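Just so it is clear, none of the values below were taken in a lab; they were calculated from the coordinates. Remember, predicted model here, so these are calculated numbers, not experimental data. Don't worry about glycine lacking a Cβ; one is built from the backbone with ideal geometry, like all the others, and counts go over all protein chains shown.
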Amino acid sequence: MLCWGYSSFGQPGIGSNLRVIIPEPQVYGFIRDRNVKEVACGGNHSIFLLEDGEVYTCGLNTKGQLGHESEGSKPEQIGALAGQHIVHVACGESHSVALSDQGQLFSWGAGGDGQLGLTTVEDAVTVPRLIKKLNQQTILQVSCGNWHCLALAADGQFFTWGQNSYGQLGLGKECPSQASPQRVKSLDGIPLAQVAAGGAHSFALSLSGAVFGWGKNSSGQLGLSDERDRESPCHVKLLRSQKVVYISCGEEHTAVLTKSGGVFTFGAGSCGQLGHDSMNDEVNPRRVLELMGSEVSQIACGRHHTLAFVPSSGMIYAFGCGTRGQLGTGHTCNVKCPSPVKGHWAAHNGQLSGKPDACKYHIVKHIFSGGDQTFVLCSKYENSLPADDFRTINETHYTCLINDETLDVWRQKLLEKNSSNSVNNVVQILSSAACWNGSFLEKKIDEHFKTSPKIPGIDLNSTRVLFEKLMNSQHSILLDQILKSFESFLIPQLSSSPPDVEAMRIYLILPEFPLFQDSKYYITLTLPLAMAILRLDTNPSKVLDNWWSQVCPRYFLRLVDLYKGAVVYLLSGRKTLLIPVLFSSYITAALRLLEKLHKKVRPSIMQDAVTLCSYPFIFDAQAKTKMLQTDAELQMQVAINGANLQNVFMLLTLEPLLVRSPFLVLHVRRSNLVGDALRELSIHSDIDLKKPLKVIFDGEEAVDAGGVTKEFFLLLLKELLNPIYGMFTYYPESNLLWFSDTCFVEHNWFHLIGIICGLAIYNFTVVDLHFPLALYKKLLNVKPCLEDLKELSPTEGRSLQQLLDYPGEDVEETFCLNFTICRESYGVTEQKNLIEDGDKILVQKDNKEEFVEAYVNYIFNLSIHEWYTAFSTGFLKVCGGKVLELFQPTELRAMIVGNNNYNWEELEESAVYKGDYTATHPTVRMFWETFHAFPLEKKKKFLLFLTGSDRIPIYGMSSLRIVIQSTASSEQYLPVAHTCYNLLDLPKYSSKEILSARLIQAIDHYEGFSLA
């Protein structure tokens, strides 16, 4: 062992006869035949921990900090700890702490600020005492500041005690000093890798490199971009992406080591201890540039100096205060840049063989520093050991992880039942969100270091594998403990405001536990988890949304199925739940979580009863259509009842001429269909529009049982949508219509089309509207986008996409565009401004997105505003209301114009036969064989021929219920379609060839009502 620095109180343990300042490394071996494991340095004393667990101390003993009665340069064993196997030691200014292999902490020395954690405040404690308040915990790490202590327990709980003048305990505002360990709840759930204390500041480091600092910040030693003290842990965001793996603190400065071997320093720099070639303080973490060419594996901070070890060369570099020889450079001056420590250093496995002076070289094992002293454990070339790597050496002291190895150990402990303490320890760890959050890190290419609001940093596959292993019968005892831990502790204690994204992984991990899928545990596990998720504050809730969007589809769908199953379970088993309030809160939680998964943000509806319609995402399009139709039937009934009631009143008052029809009756002539429809609808009130529709064609005696109404819709829409009127522009490339920029018809024509479309839905009639999805988006207040333009006008859409995708800087020269659009109207091309003075604004790289947005806005909003407003007013007059809001745009389109989910076998199975025909009649059999042999386009043309549309109702093929009836006509005649009734007159053909020829001829010569 080598040591150097200040020894006025004998603490380096070299001997009182030597000089006070030791400016360069000197060999010291106070116990030659035994190995030192660890050294800790306080203000004026040192502690030596041997490999066998014995503890020796030397130096000043004014407060009993040596733990024995001797004082001076010769290390003496602490007899009071002889019965313990100590594995770690730490020093404050004048107090000491030792950690045993059983996870127990002992403290002694100065206790005036409560830094001993013994509950009572004593000025000096000369013999090590057990810190009883931590007896129920297994402590893994301890670190001492000047007058305070930090301790990390196996279950991830973090404790602090001692002086709190600067907030260094992290317990919040105006909290006094603490004489007993206090849990720092603000870091709950974060899996911690290390805790580190400086003079009056503190740090905690997570497994994925998140750094949290608090306490004194007068020199910027917290790295938070200012010099304001902090009373609670604050995330050092500037270090988040640096993969920090180790932290060391001086009195007022901090050094951190990254996984790649980089060193960052910040805080007080007045002695050069930051290594930035200056004496300035740094409030932000800054890379030590002088060390960038080397990979550092160990760092250590003294009071005002810093050390870094480079394994490739075996060299130690020091910088900072050197007035007391603590840099080991042979001089007593301050150094601003990393300088080699004096001596013969060599790397482990270095090329020393054959050198005559090989025995002079030291091979570093571990560096320690504190106060104004430095110690280095070394080995000789002949039996050298590799240097410790601070980036990995502390893994056994991390927050306890749950994996195959620990599961086997715990299972054995639970089987032996030899100690209630061991069972408690297992339960504590299984109940700890921090332990679970740190157990399944995505280590491939260090992915977990990228943990952020968008990346969870965990490997859900390994989670699944571990849970599957737990389901084996051999782990049944452990499984019981996990269940109890989840039910009683972990889920109830989940915070609504997690301190960091790493604390949120638990929300992804828990649903992987197979018992969550078991209905027996819906009430105790599944639904309480939903409630915990819904309690999350806005920002963590958004993080979870982001993570859900990143996980594999299988995970997401399983989560949806889980809570759909919970809803079904609750609805089907309601009688077994005795407390209605609980039923309501449980089912609301499940539905609200499904809503969150559905990503459909709606204002929450505060009510006592559960209304399933408040959660539209649980219904498919067919269910929503049924709800709309039910709503329409109810409104129709109300309108009929209102009319009947008024009629009774009129009859009683002897005014029979004012009797009103319970139906909306339209009298129209085929020769003047549009004019008559406009006239008839204009004289009816809004209430009349809610009545069932009956259409009477002038001069025709047909009773309207639905067929006449369907024909009316088909004929009227064919007329109104005809591009020759100029109301709509036809896009041949997509076979779609859109409102024209300019037209000369009255607004009431658009209003009429809106009413007709609304009436078609209201009266359960599928109509063939060739509008893009953008129309249905606008009706539902969803903003159309570039994808909608690609559907309406594919060439225009692709051109705009090419503009957006163009990577070059020369957009202006390549595309030669300004903020205008060219539109043709009645053969004349006009240039329209997309924005004010658009013709003077060129499209460039920095405004191309704005141009595309303005272009799309012009097509779908600006240019058609007055026509669309008239249309939507008419549509919503008939079909508006809460039920319509349940629909997605695609669902609304499918309900109005049908869809193309063809199932031709279903069409045959649902067919009805009249006259001489049955399903087994030879002509019918020939018909279906011929039909099924048709290609898809021909089948669609048949649908158009028979029903007036080549799309099918939202309820599916079976809802068409086509009717095939025999006729007395000879086989020279073609089949005849009665479109309004889905009825086909089919002559009895003698052969399949004749039937096929006649049917194809009929289909091909059909003009129909549609634009296709």
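Computed quantities for the displayed model
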| quantity | calculated |
| --- | --- |
| Distant-in-sequence amide H partners of Gln221 (H built 1.01 Å from N, under 5 Å) | Ala268 |
| Separation of the Cys175 and Gln26 label points, Cα + 7 Å toward Cβ, nm | 4.4 |
| R0 of 60 Å, Cβ-Cβ distance Asn424-Asp916: FRET efficiency to nearest 0.05 | 0.10 |
| Lys, Arg +1 and Asp, Glu -1 on Cβ, resulting dipole of the chain about Cα centre, debye, nearest 20 | 1900 |
| For the range 481-493, Karplus couplings with θ = phi - 60° (6.51, -1.76, 1.60), whole Hz, Gly/Pro x | 5, 5, 4, 4, 4, 5, 5, 8, 10, 4, 5, x, 8 |
| Three-way shape label, the chain, alpha-carbon gyration tensor, a/c 1.5 | prolate |
| Residue order, fewest to most surrounding Cβ atoms within 10 angstrom, among Trp410, Trp108 | Trp410, Trp108 |
| Other-chain or far-sequence residues with amide H under 5 Å of Lys365's (modelled H) | Leu377, Cys378, Ser379 |
| Three-way shape call for the range 2-379 based on the alpha-carbon gyration tensor, with the a/c threshold at 1.5 | oblate |
| Projected label distance in nm at Asn35 and Ser496, using a 7 Å step from Cα toward the beta-carbon | 5.4 |
| Protection proxy ranking, peptides 748-757, 528-537, 671-680, average beta carbon neighbours within 10 Å, highest first | 748-757, 528-537, 671-680 |
| Acute angle (nearest 10 degrees) that the helix 553-572 long axis makes with the longest principal axis of the chain, alpha-carbon atoms | 70 |
| Net charge of Cβ neighbours under 11 Å - reference Cys785; Lys, Arg +1; Asp, Glu -1 | -1 |
| Length gained when the stretch Asn472-Thr742 is fully extended (0.36 nm per residue, less Cα-Cα span) | 89.9 nm |
| Per-residue ³J(HN,Hα) for the range 769-783, Karplus 6.51 cos²θ - 1.76 cosθ + 1.60, θ = phi - 60°, Hz, x for Gly and Pro | 9, 9, 10, x, 4, 4, 4, 6, 4, 5, 5, 9, 6, 9, 6 |
| Three-way shape call for the range 249-408 based on the alpha-carbon gyration tensor, with the a/c threshold at 1.5 | oblate |
| Cα-projected label distance for Met292 with Ser241, points at 7 Å along beta-carbon direction, nm | 1.6 |
| Sites Lys845 and Val674, calculated FRET efficiency, Cβ-Cβ separation with R0 51 Å, nearest 0.05 | 0.55 |
| Potential extension, Ser991-Tyr806 segment - 0.36 nm per residue separation minus Cα distance | 60.5 nm |
| Neighbour-count ranking [beta-carbon atoms within 10 angstrom, fewest first] of Asp372, Asp357 | Asp357, Asp372 |
| Proxy reagent accessibility, fewest Cβ within 10 Å first, across Thr795, Thr451 | Thr795, Thr451 |
| Protection proxy ranking, peptides 803-815, 314-326, 918-930, average beta carbon neighbours within 10 Å, highest first | 314-326, 918-930, 803-815 |
| Segments 51-62, 961-972 sorted - mean Cβ within 10 Å per residue, highest first | 51-62, 961-972 |
| Surrounding net charge for Glu395, when Lys and Arg each add one and Asp and Glu each subtract one, Cβ distance under 13 Å | 0 |
| Kirkwood-based Rg to Rh ratio, the range 898-1004, C-alpha trace | 0.93 |
| FRET E, pair Ser70, Leu50, Förster distance 25 Å, beta-carbon r, rounded to 0.05 | 0.90 |
| Environment charge of Arg183, counting only residues whose C-beta is closer than 14 Å and scoring Lys/Arg +1, Asp/Glu -1 | 0 |
